Amino acid sequence: MRPPPCVITVGNFDGVHIGHAALIARARELAHTLNAPGGVVVLAFNPHPRSVLHPGQAPASLMSFARRAELLCRVGAGAVHPLDPTDQLLALSPADFIEWVNERYNPIAFVEGPDFHFGCNREGSMETLRALGRERGFAVEAVPVLATALSDHTIVTASSTITRWLIEHGRVRDAWNVLGRPHRLAGTVVRGERRGRDLGFPTANLDTPDLLPVDGVYATLAHTPDGRRYTAALSVGTKPQFHHQPGPHARTAEAFLLDAPTEPGKANLPGLPEYGWDIAL
């Protein structure tokens, strides 16, 4: 039994920035206009296809796939499916890739950005997709790119690439403009050196898959799994003030919870274990 007709969009969607949100919004409008009972279905590559085509050269991920799916649904997607970039999938011609999507998801329309490419060697373009739409009976829409201004008055096109660059260069306020929200680090609290306790603050050393900003100290809010929220100072780096031995060190993210209760010798926060709980910054 085929799934109900839907509006499809395909891509990486890393970061889920304002351009992605505009694309999903247009897909929702089209799904309503076309009476597509399946709503908007997002096919998001996970991991990035470049990790298969050029191992070691894939861009750093801004966030986990679970976070991507959560944000995509928040801006209007009805369902988000991971696309595993296997050799077989990436070897499909543009026409065969669309047929593969058609058999599994029953699209009546595709909504993409103007520079969308698909199929083996990215041979398919929006013109290819429109031609396939005329041949096979589905609609195609291109959503214009979205631009935003940075703090230095530079106008940039919203993209995952520019978002990564901004975060990696410590321009987190500018990344906020592109994302439409603050960049978030989420992960698990792991054992650290507990230096914050000596300074009078509980600390949370974060193990996260999310993209770390350039080394420095950042103002942030810490969210605990039980709904508490604390003002925090996030230190990103190798903690050179505590490491005196030579050689490289792994980068770390350590949050000092500035207004959280703590007691000497006790767990960081009342009601939570010492380690292993989730935190978002």
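Of the numbered conditions (1) under 24 Å from the mean Cα position of the chain (by Cα); (2) farther than 23 Å from Leu89 by Cα, Asn35 fails exactly one; give the number of that condition.
(1)
Out of the residues in segment 76-106 meeting the condition of being crowded, with 16+ Cβ neighbours inside 10 Å and among the aromatic types (Phe, Trp, Tyr), tell me which one is farthest from Arg122 (Cα to Cα).
Tyr105
Kindly evaluate Pro246 against the criterion of being touching a Ser or Thr at 6+ places or on another chain (Cβ under 9 Å), more than 22 Å from Ala66 (Cα to Cα) and modelled with pLDDT under 95.
So Pro246 fails the test.
Yes or no: segment 59-67 includes at least one residue that is out of contact with any Pro (no Cβ under 6 Å at 6 or more places or on another chain), part of a helix (DSSP H, G or I) and in contact (Cβ under 8 Å) with a residue 24 or more places away in the chain.
Yes, segment 59-67 has at least one match.
Of these, Ala222, Ala280, Ala255, which one is of a type in the set (A, V, I, L, M, F, W, C), surrounded by 13 or more Cβ atoms within 10 Å (Cβ to Cβ), at pLDDT 80 or above and in contact with a Phe, Trp or Tyr (Cβ under 6 Å, 6 or more places away or on another chain)?
On the way: Ala280 fails: in contact with a Phe, Trp or Tyr (Cβ under 6 Å, 6 or more places away or on another chain); Ala255 fails: in contact with a Phe, Trp or Tyr (Cβ under 6 Å, 6 or more places away or on another chain).
None of the other options fit; the residue is Ala222.
Give me the residue from segment 116-145 that is in contact (Cβ under 8 Å) with a residue 12 or more places away in the chain and among the acidic types (Asp, Glu) and, out of that set, nearest to Gly19 (Cα to Cα).
Residue satisfying both the conditions and the ranking: Glu141.
Could you go through segment 44-52 and let me know if any residue there is in a helix (DSSP H, G or I), over 17 Å from Arg181 (Cβ atoms) and β-branched (Val, Ile, Thr).
First pass over segment 44-52, keeping only residues in a helix (DSSP H, G or I): 50-52.
Now narrow it down to the ones that are over 17 Å from Arg181 (Cβ atoms): 50-52.
Those left that are additionally β-branched (Val, Ile, Thr): 52.
Yes: segment 44-52 contains one or more residues that are in a helix (DSSP H, G or I), over 17 Å from Arg181 (Cβ atoms) and β-branched (Val, Ile, Thr).
Restricting attention to segment 183-219, which residues are modelled with pLDDT under 90, surrounded by 14 or more Cβ atoms within 10 Å (Cβ to Cβ) and among the hydrophobic types (A, V, I, L, M, F, W, C)?
Across segment 183-219, the qualifying residues are Phe201, Ala204.
Quick check on my filter: what residues within segment 33-75 are surrounded by fewer than 17 Cβ atoms within 10 Å (Cβ to Cβ) and either hydroxyl-bearing (Ser, Thr, Tyr) or not assigned by TED's automatic domain parsing to the domain that holds Phe116 (or both)?
Thr33, Ser51, Ser64
Looking at (1) over 24 Å from the mean Cα position of the chain (by Cα); (2) of a type outside the set (Lys, Arg); (3) at pLDDT below 95, which is the one condition that is false for Glu123?
(3)
Out of contact with any Gly (no Cβ under 8 Å at 6 or more places or on another chain) and in a strand (DSSP E or B) - does that describe any residue in segment 130-143?
Yes, the conditions are met somewhere in segment 130-143.
Could you say whether any residue in segment 2-16 is charged (D, E, K, R), without any contact (Cβ under 8 Å) to a residue 24 or more places away in the chain, surrounded by fewer than 18 Cβ atoms within 10 Å (Cβ to Cβ) and over 14 Å from Ser160 (Cα atoms)?
The answer is no; no qualifying residue exists.
Residue by residue through segment 40-74, note down the ones that are at positive phi and touching a strand residue (DSSP E or B) at 6+ places or on another chain (Cβ under 6 Å).
none
Can you tell me which residue among Ala27, Ala22 is crowded, with 19+ Cβ neighbours inside 10 Å and either in a strand (DSSP E or B) or at negative phi (or both)?
Going through Ala27, Ala22 in turn, the sole match is Ala27.
The values are calculated or read from the model by the stated rules, or taken from the named source; none is laboratory data. Predicted model, so just to flag it, every value in this text is computed and none were measured. Counting neighbours? That spans all protein chains shown, and the Cβs are built from the backbone with ideal geometry, glycine included.
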